[in-house]
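One structure is given below, encoded as C-alpha cells.
The values are calculated or read from the model by the stated rules, or taken from the named source; none is laboratory data. A quick note: this is a predicted structure, and the numbers were derived from the prediction, not measured. No Cβ is skipped: glycine too gets one built from the backbone with ideal geometry, and neighbour counts run over all protein chains shown.
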Amino acid sequence: MLKNFETMLNEYARLCVKVGINLQQGQPLVISAPIEGVDFVRLVAKNAYELGASEVHVNWNDEVLTKLKYENAPMEVFENFPKWFADGQVDFAKKNAGFLSISAQDPELLKSIDPKKIATYNKSASLALKEFRNYTMNDINAWCVVSIPTKSWAKRVFPDVSEDEAVEKLWAAIFNATRMDLKDPIKAWENHIETLIKKSDFLNKNDFKSLHYTSSNGTDLVVELPNDHIWVSGGSTNAKDTYFVANMPTEEVFTMPLKTGVNGHVYSTKPLNYGGKLIDDFKLTFKDGKVVDFDAKVGKEVLTDLLSIDDGAKYLGEVALVPFASPISESNIVFMNTLFDENASCHFAFGKAYPTNIKGGEKMSDEELEANGVNNSLTHVDFMIGSPDMSIVGTRKDGEKIQIFKNGNWAF
C-alpha cells in the first residue's frame, strides 16, 4: 500500500471538485464512473457536498455488462442511443451542473467485438449527445476528466506484476501525474497553470500563421491557423465566469487549425484507445486539411470507421503542444488512456474544433464557424504525434520564423 494512501485519495477527490470543476455553492455535480470506483466516487461526493453541491448524480458504467451487450445485443440496439440519457444530461447542463468523468477503461475491452457495432454505437451516441456536448465544448458548463485505476486497465499497463501490485503502481503513476505526491497539490496546480498561461500568452502575442512539424520518424506537416485563433492553456472559464481545469493531468497548450490548411504527412507515436480497441503505429497524409491517405499496423479497420463517422472526422479540430519532458512522458509509461498519453506528447484531434479557440467562436452559428475555417464534426478524438526530436517552427504573419519546439521541448 502506498504511504498515506487514504489521505492522498481524499485529497485527490477534493482536487477534482475544487480545482477541476471548481464547484460553486448550490451547483449540481454529475459524475460518470466505473462501478469499480465506487469508493472513490463516494469520496468525491462527500467533498462535493462539503463544498456546497446541491446534488450529486452518478452515471455508472460496468465493463462486464458493456462487453456482454456488444456480444449479444442486435445491431439495432447500437443504432438507437437512449434519448432519456441524452435528455437527462442536457437537463443537468441547463441547471449549471459540473460534469466530472472518470476515465478508466480496459484498452482492449472490445478487442474481439465486431468493429461495425462499435462504429455504429459511436455515431449514434455522437448524434444523440450533440446538444449536450455544445455545453461542454463551448465551456458553458465546467467539466473535468480524471482517472482512477481499475484492475483490467492496470494489468494492461503493468502486465508483468500481480493484479494488486499493478493497481498500486498505477495509483502511484496517477498521483505523480496529477501532482498529488507534492506537499501542497493545490498550490502546485496553481503554479503549473500559471506556467502554461505564460506559454499560451507568448503564442497568442505572436499570432502565428502556420506551424511546420518535422521529426526523424517521417513527420513533415504544415498546419495553418485561422485568423483570430486563440491558444488556450490548462484551464478555461465557463459561462458563469468560473475558472475550471478540464483535464487532470494537463500539460497542453492548444488551439484549432484552419480546416483546409493542413498539408503533409504525420506519424503517430503512441497507441490510441478508441472505443475499447487499439489503433497503433499509423500514418496520415493530409491535403488541403483532409486525410487523403492513411495506414495503420494495428487497428486499421477501427481507424477507417473513425474517419467515416462524418466528413468532418477526416479533418483536424485541435492542435496541442506538449513538451516531451513532461512528468507523464518521463515516467516512460504508456497508459493506453488518452487523458494521460495526450499529456505526454504533442497531439492533434480528428473532428470537431472547440469554438472557444477562435475569437467570439462560442457565439457563432455552425455556418459562421465554417466560414471562419473551423471544423465541425460529431466526433473529437485526440491522437499523439510528439517525439523526442520533434521540431516545430512557427511562421508569423509578417514572415518571421520562430522556433517553438526543439528536440521535443519548448524552445522559448
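Things to note:
- Only a single criterion out of (1) at pLDDT 95 or above; (2) out of contact with any strand residue (DSSP E or B) (no Cβ under 6 Å at 6 or more places or on another chain) is not satisfied by residue 16, namely (2).
- Criterion violated by residue 6 - all others in (1) crowded, with 17+ Cβ neighbours inside 10 Å; (2) out of contact with any Asp or Glu (no Cβ under 9 Å at 6 or more places or on another chain); (3) in a helix (DSSP H, G or I) satisfied: (1)
- Meets criteria (charged (D, E, K, R), touching a Phe, Trp or Tyr at 6+ places or on another chain (Cβ under 7 Å) and not assigned by TED's automatic domain parsing to the domain that holds residue 29) for residue 183: no
- Residue match in the range 361-374 (condition: touching a Gly at 6+ places or on another chain (Cβ under 9 Å), modelled with pLDDT under 95 and either among the polar types (S, T, N, Q) or surrounded by 22 or more Cβ atoms within 10 Å (Cβ to Cβ) (or both)): no
- Residue in the range 278-333 that is surrounded by the most Cβ atoms within 10 Å (Cβ to Cβ), counting only those that are closer than 20 Å to residue 222 by Cα and among the small types (Gly, Ala, Ser): 317
- The single residue among 345, 331 that is at pLDDT below 95, over 16 Å from the mean Cα position of the chain (by Cα), at negative phi and among the small types (Gly, Ala, Ser) turns out to be 331.
- Scanning the range 260-277 for residues that are of a type in the set (S, T, N, Q) and assigned to a strand (DSSP E or B), we see that the one that is surrounded by the fewest Cβ atoms within 10 Å (Cβ to Cβ) is 263.
- When 241, 207 are checked against the criterion of being out of contact with any Cys (no Cβ under 8 Å at 6 or more places or on another chain) and either in contact (Cβ under 8 Å) with a residue 40 or more places away in the chain or assigned by TED's automatic domain parsing to the domain that holds residue 397 (or both), a single residue qualifies: 207.
- Failed condition for residue 95, given (1) surrounded by 20 or more Cβ atoms within 10 Å (Cβ to Cβ); (2) under 22 Å from residue 29 (Cα atoms); (3) modelled with pLDDT of 95 or more; (4) not aliphatic (A, V, I, L, M): (1)
- The condition (being within 24 Å of residue 332 (Cβ to Cβ) and among the hydrophobic types (A, V, I, L, M, F, W, C)) is satisfied by just one residue among 230, 279: 279.
- Test: residue in the range 365-373 that is in contact with a strand residue (DSSP E or B) (Cβ under 9 Å, 6 or more places away or on another chain) and closer than 20 Å to residue 198 by Cα: no
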